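What follows is a set of notes on a single structure, which appears directly below.
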Amino acid sequence: MSRRWYRHGANMVFVGWDRNLGRFLLTVADLCTRCGGYGEEPTSDNFCFECGGEGVRVGSNSMTQLGSAPTLDEIGAELDRLGIAFPDFVRADLEEDKRTNVGELVHYYGQDPTIHPT
């Protein structure tokens, strides 16, 4: 299964290809407002007390989990509905994951999804 993620504003976007299901996956989570999604207290290396070190806002009602989707167009439509960017290079990477039916792959694109990481 490929696991790819990036930050967009106050959200973390998780996308991937599940070779066993033969489907794409999408989860969008609200980042913790105290630690900004890093899971540590802003002034120390201690776990953030608000999110318990998870980086995701606890009890957030706006967590979106499309779950599995057969097409990238469905993922693109959901991200568009949420006002979240779906960069072309992320889409291209997911298409390649499907084409090669990739196994274990983990990739974090970084803070700004509009800039392709080198």
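Side notes on the structure shown:
- When its C-alpha radius of gyration is set against 2.2 N^0.38 Å (N residues), the stretch 2-108 gives a value of 1.14.
- Cys48 sits among other residues whose Cβ lies under 10 Å from its own Cβ, and their net charge, with Lys and Arg +1 and Asp and Glu -1, is -3.
- Per the Debye formula on identical point scatterers at the alpha carbon atoms of the stretch 1-53, with no solvent, log10 I(q)/I(0) at q = 0.26 Å⁻¹ is -0.90.
- Note on Arg81 and Met1: the extension gain reaches 26.3 nm, defined as 0.36 nm multiplied by sequence separation minus the Cα-Cα distance.
Just so you know, all these numbers are worked out from the coordinates, no wet-lab data involved. Nothing here was measured: the structure is a model prediction, and the numbers come from that model. Quick reminder, even Gly has a Cβ in these numbers, built from the backbone with ideal geometry, and neighbours come from all protein chains shown.
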